[in-house]
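Visitor: Take a look at the following structure, please.
Nothing in this text is a laboratory measurement; each read-out follows from the coordinates by a stated rule. Note that the structure is a prediction, hence the values are computed from the model and not measured. Virtual Cβ from ideal backbone geometry, glycine too; neighbours counted across all protein chains shown.
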Amino acid sequence: MMFLLYTGDMVYILTLISQHLPWFWFAVVVLCTIIEFFTFGLTTVWFGIGGIVMVFLSFLPIPFIWQMLIFLLLSTTLLIFTRPLVVKKLHVGKTKTNADSLIGRRALVIQKITRFDSGEAKINGTVWTARSADGSEIMPGTECVIERIEGVTLYVTALPDAFVSPEKI
């Protein structure tokens, strides 16, 4: 008996939705917008856009099941093909720092760097802790390229034949 009551409730709910489809799709848009506002993951926004399209399509004599299919296909297509472009354009997820601008630039080793010990390198007048990116030994006065930065440590690779005299250090 409970199953019949449950089925009856579902039929009632589906009938109610099918009689007020524009409002249903508007509620989907509002719900997706609220979720996106709190998460800013650029995921539910595409379903909100799909819902906006469905508000207008719901005025056409299209059965609810087809509207759901159109909504899911449209929203998923938007998510797959446009989200990566928007994420790249908005630079979501990574906050660049001033230190990121140092990657690829040249620095001067001022304290010996060995495979097991950190040394020091100077760039733009600032002395940084430095380690060898490839594990090689780098002597003071050697010019090197910054490969990456982890915390406050530069990982550098020595440039071939790039030795600066000790007086200039």
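Visitor: Please give, to one decimal in nm, the separation of the simple spin-label points placed at THR77 and ILE35, each 7 Å out from Cα toward the Cβ.
Guide: So the label points at THR77 and ILE35 sit 2.1 nm apart.
Visitor: Report, as a whole number in µm² per second, the diffusion coefficient that Stokes-Einstein gives for segment 93-146 at 10 °C and 1.306 mPa s using the Kirkwood radius over alpha carbon pairs.
Guide: 138
Visitor: Continuing with this model, one more query. Per DSSP H run of at least 4 residues, take -39500 (n - 2.57); add these up for the chain, divide by its residues and hand me the 222 nm value, nearest 500 deg cm²/dmol.
Guide: One gets -16000 deg cm²/dmol as the mean residue ellipticity at 222 nm.
Visitor: For segment 7-49, state the average projected area of the convex hull of the C-alpha atoms over all orientations, rounded to one decimal in nm².
Guide: Averaging across all directions leaves 3.5 nm² for the Cα convex hull.
Visitor: If you look at just the Cα atoms of the chain, how large are its Rg and its Dmax in Å?
Guide: Taking only Cα atoms of the chain, I get Rg and Dmax of 29.7, 94 Å.
Visitor: For every other residue with a beta carbon closer than 14 angstrom to the beta carbon of ARG131, add +1 if it is Lys or Arg and -1 if Asp or Glu, then tell me the sum.
Guide: Here the count lands on -3.
Visitor: Please count, across the chain, the pairs of lysine residues with Cα atoms under 21 Å apart that sit 8 or more places apart or on different chains.
Guide: Taking the chain as the scope, the lysine pair count is 4.
Visitor: Pick out the long, greasy-scoring helices in the chain: whole DSSP H runs spanning 24 Å or more along their own axis by Cα, mean Kyte-Doolittle at least -1.0.
Guide: 2-19, 21-39, 64-90
Visitor: Collect residues whose amide H, placed 1.01 Å from N in the peptide plane, falls under 5 Å from the amide H of GLY141; neighbours closer than 5 in sequence don't count.
Guide: Here the answer is VAL109, ILE110, since their amide H atoms fall under 5 Å of that of GLY141.
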